[in-house]
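*Asks:* Once you've had a glance at the structure underneath, I'll fire off some questions.
What follows draws every value from the coordinates through simple rules; no lab data is involved. Because the structure is predicted, anything quoted here is derived from the model rather than measured. In this analysis, Cβ positions are derived from the backbone assuming ideal geometry, glycine residues included, and neighbour counts consider all displayed protein chains.
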Amino acid sequence: MSKLLARFFLYLTGWEAVGERAADKRIVLVAAPHTSNWDLAYLLAITRALDVKVSWLGKHSMFWWPIGPILRALGGVPVRRDRPEKVVEQIVRVFDEAETLTLTITPEGTRSYTPYWKSGFYRIAKAAGVPIQLAYGDYARRRGGFGPTFTPSDDVRADMAKIRAFFAGVVARHPDQVGEIRLREEGE
């Protein structure tokens with residue numbers, strides 16, 4: 001999607017792109033909330049309008065012919081969700097080999113309600129030694145973009161508290177499908 005086309009799409013839909021991508025050459029971009037197929041369209045438009053090329057993970061079943069080649073051209077990376085431990089290893093290798101990479105992950109892992117975020121984004125960032133940047137799409141304010149960046153620490157609870165604080169007040173397209181922002185690893 002070209003920058004001009006992205007800006008036109010955002011103009012037509014009344015959306016605004018805000019923020020800046022972190023200066024780091026390699027980052028995990030955590031995009032939330034994710035409750036609609038429209039989230040991908042807005043993510044791609046916002047990142048292109050801000051002149052940022054992103055890659056994003058999607059379930060392998062989305063990449064069927066003839067849509068698969070188009071999704072790959074738009075930065076899509078198919079993953080098999082039935083083997084999550086292999087995904088983390090594969091993506092860490094991709095980071096090791098890439099000079100620059102903005103890998104977008106939706107931590108809910110689905111558009112439907114889920115009680116926990118999947119921890120893959122966190123495990124990938126830690127294992128690859130790259131920072132996490134937060135990104136959002138707020139349907140109530142019709143704006144989306146980039147938020148703060150941090151390096152994951154050894155204190156997952158403190159890191160998740162930062163994430164929860166940032167996403168407080170961000171409204172999904174389908175708010176009833178948004179679960180709590182926490183990892184199973186945080187415990188009760």
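*Asks:* Work out the FRET efficiency for E99 and L12 from their Cβ-Cβ distance, taking R0 = 35 Å, and round it to the nearest 0.05.
*Replies:* Numbers: r = 35 Å, r/R0 = 1.00.
FRET efficiency, E99 to L12: 0.50.
*Asks:* Which value in nm describes the separation of the simple spin-label points at I67 and S36, placed 7 Å from the Cα toward the beta carbon?
*Replies:* Placing both labels 7 Å along Cα→Cβ, they lie 1.7 nm apart.
*Asks:* Roughly how far apart, in whole Å, are the Cα centres of region 3-49 and region 94-140?
*Replies:* Centre-to-centre (Cα) distance: 15 Å.
*Asks:* Considering only the other residues whose Cβ falls under 10 Å of the Cβ of T100, what net charge follows from Lys and Arg at +1 and Asp and Glu at -1? Intermediate results must be reported in sequence, preceding the final value.
*Replies:* Working: positive: K25, R26, K53; negative: D24, E99.
Net charge around T100: +1.
*Asks:* Let me ask something else about it. How much mean residue ellipticity at 222 nm does the chain get from its helices, if each DSSP H run of length 4 or more adds -39500 (n - 2.57) and you divide by all residues, to the nearest 500 deg cm²/dmol? All intermediate terms of the calculation are to be shown ahead of the outcome.
*Replies:* Working: 6 runs with 65 residues, N = 188.
Theoretical 222 nm ellipticity from helices: -10500 deg cm²/dmol.
*Asks:* Zone of Y116 (label point 7 Å along Cα→Cβ, backbone N under 12 Å): which residues in region 146-187?
*Replies:* The answer is 182-187.
*Asks:* Hey, of (1) 43, 35, 32; (2) 47, 35, 28; (3) 50, 39, 29, which did the structure itself give for Cα extents along the principal axes in Å when calculated?
*Replies:* The listed entry that was calculated here is (1).
*Asks:* Enumerate the aspartates and glutamates that K59 could reach by cross-link, defined here as Cα to Cα under 16 Å, with residues fewer than 8 away along the same chain left out.
*Replies:* D39, D82, E85, E108
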